[in-house]
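Take a look at the structure set out below.
The values are calculated or read from the model by the stated rules, or taken from the named source; none is laboratory data. This structure is a prediction, so every number in the text was calculated from the model and none was measured. No Cβ is skipped: glycine too gets one built from the backbone with ideal geometry, and neighbour counts run over all protein chains shown. To get the accessible areas, we keep the full protein, side chains included, count just its heavy atoms, and leave off ligands, DNA and RNA. Shrake-Rupley method; radii C 1.70, N 1.55, O 1.52, S 1.80 Å.
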Amino acid sequence: MPTVTYIEHDGTEHRVELPAGWTLMQGATLNGINGIEGECGGSCGCATCHVYVDEAYLDKLPAPSETEEEMLECTASPRRANSRLSCQIKAMPEIDGIVVHLPETQS
């Protein structure tokens, strides 16, 4: 199973194994990780699962869709070049070990 490391804004780290195909948002919410809300349930209809992807993994991810790009304009914390919505990133062997930093706030 792919491993994801979530780093909360205060530096607290959570390393979680996720079944392949789960989204990083699902992994965070189902494992009680603070900092990802996922209000829309993963339908790319809000920006409350915003994360900053470690730059070493950016090239391993598919490009954001037009819808994701639009939602990233609505983040509560500043958007950065490595901003993504965790509901749009699936845990796959290709990104095993991915590290995502959680922003200060989602709302």
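One table, with the values for the structure above:
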quantity: Residue list for region 97-107, filter: surrounded by fewer than 16 Cβ atoms within 10 Å (Cβ to Cβ) and in contact with a Phe, Trp or Tyr (Cβ under 9 Å, 6 or more places away or on another chain); calculated: GLY97
quantity: Long-range neighbours under 7 Å by Cβ, at least six apart or interchain, first residue at pLDDT 95 or above within region 49-68, second assigned to a loop (DSSP other than H, G, I, E, B) and open to solvent by 50 Å² or more (accessible area, probe 1.4 Å); calculated: CYS49/GLU37; TYR52/ARG80
quantity: Residue count for region 67-96, restricted to those that are within 11 Å of the chain's Cα centre (by Cα) and open to solvent by 90 Å² or more (accessible area, probe 1.4 Å); calculated: 1
quantity: Selection within region 1-57 - assigned to a loop (DSSP other than H, G, I, E, B), open to solvent by 60 Å² or more (accessible area, probe 1.4 Å) and of a type in the set (Asp, Glu); calculated: ASP10, GLU37, GLU39
quantity: Qualifying residue in region 61-74 (condition: of a type outside the set (Ser, Thr, Tyr), under 21 Å from MET1 (Cα atoms) and out of contact with any helix residue (DSSP H, G or I) (no Cβ under 8 Å at 6 or more places or on another chain)); calculated: yes
